[in-house]
Structures are given as structure tokens and as C-alpha cells.
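Notes follow once the structure below has been shown.
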Amino acid sequence: MKNLQLILAGILVSVAGCQTGQPAHTAAIDNGNFMGLWSTYSHCQATSDSTQLHNDAVALAKAANRSLRAEAFTLPLPGKIEKLIATPADRFAVDMKAMAAACSLRAGTAAIEAGNLDAAKDLLRTVLSYQPQSEYAYYTLQAKALLSDLEANILEVTLNLP
């Protein structure tokens, strides 16, 4: 009976050790893929073409959503054991959602300047999806301001028609 308990304890310790030793979402974005995304973000900050900006913003938003789904992974364990397992550390130097939000704001602004208001609204609304989280308040406030300006301009145009 004691041997069985020792074996079970050894298995639990090894599972807990493996769980705390690896970040939760490294499978979602490996280093090569991350460097490609960093290149996309850098391109987004450097270009002024609204079509390229839109493509960059969409690519970064998809990557941010993939990384968020990977973060939500949990290992199904009994409650008593789950308390003993530490939350894996975040090991990325940058925040994918912040990169996506910054690029979407830039692309939305470029779309407004190009007169593509529907694309601008779509891009800015993706930033608003980050709203409940306070670390993205800067981006969501800017997106709200741009969207309110767009809606005010649309109302002004429709009211001036004879």
C-alpha cells in the first residue's frame, strides 16, 4: 500500500513539475513564427499603404487570437492537486494583443484618410474587443474616439443633404 502511495505521489510531482516548467502558449507561437509576426508589426509601423496596413492588422489580430486561445488551456486535474500547480510564466517580451491593437489603430487611421470608412470601422472595432482589460485602455480609448468622429461625420453628411 505504501509503495502504491509513493508511486502515485511520484507521478503527481512529475506532472506538476512538467506543468510549471513550460509556458502555456509556447506551442502557439514559436520563435520563428514570432519573428515573422514582429516583421509584420514593423512593416505595419513603417508603411503608409492602407491595403498593406489592413493586411498586417488582420494577420496580427489572428495571431493574437491564437495566442489567447492557447493561454486558456488548462490541464484537467482534481481541485486539491490543481492548487499545488503554479501558473506558467509568460515568456514573451511583447504583448501580441498590444501589437495587434497598435497596428489596427494605424490601419484604421489610414483607411479613414483613404476614404474607406467601412474597413476603418471594422479595424477599430477589433480594438474595442480588448476593452474590458485595463492594460489595453489606451488603444480602446483611441479607437472609441476615432469611431465617434466617424459616426459624427456620417451624421453630419446625411443631415446636410437637401
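Taken together, the values in this text are just the output of simple stated rules run on the coordinates, not laboratory data. Everything numeric in this text was worked out from a predicted model, so none of it was measured. Neighbour counts are summed over all protein chains in view; Cβ atoms, including those assigned to glycine, are modelled from backbone coordinates with ideal geometry.
Overview of results
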item: Per-residue Cβ neighbour rank within 10 angstrom, fewest leading, Ile112, Ile11, Ile81; result: Ile11, Ile81, Ile112
item: Pairwise FRET efficiency - Val94 versus Thr51, Cβ, R0 = 30 Å, nearest 0.05; result: 0.75
item: Fewest-first sequence of Tyr130, Tyr138, Tyr41 by Cβ atoms within 10 Å of each Cβ; result: Tyr138, Tyr130, Tyr41
item: Label-point gap, in nm, between Ala137 and Asp149 - each point 7 angstrom along Cα→Cβ; result: 2.2 nm
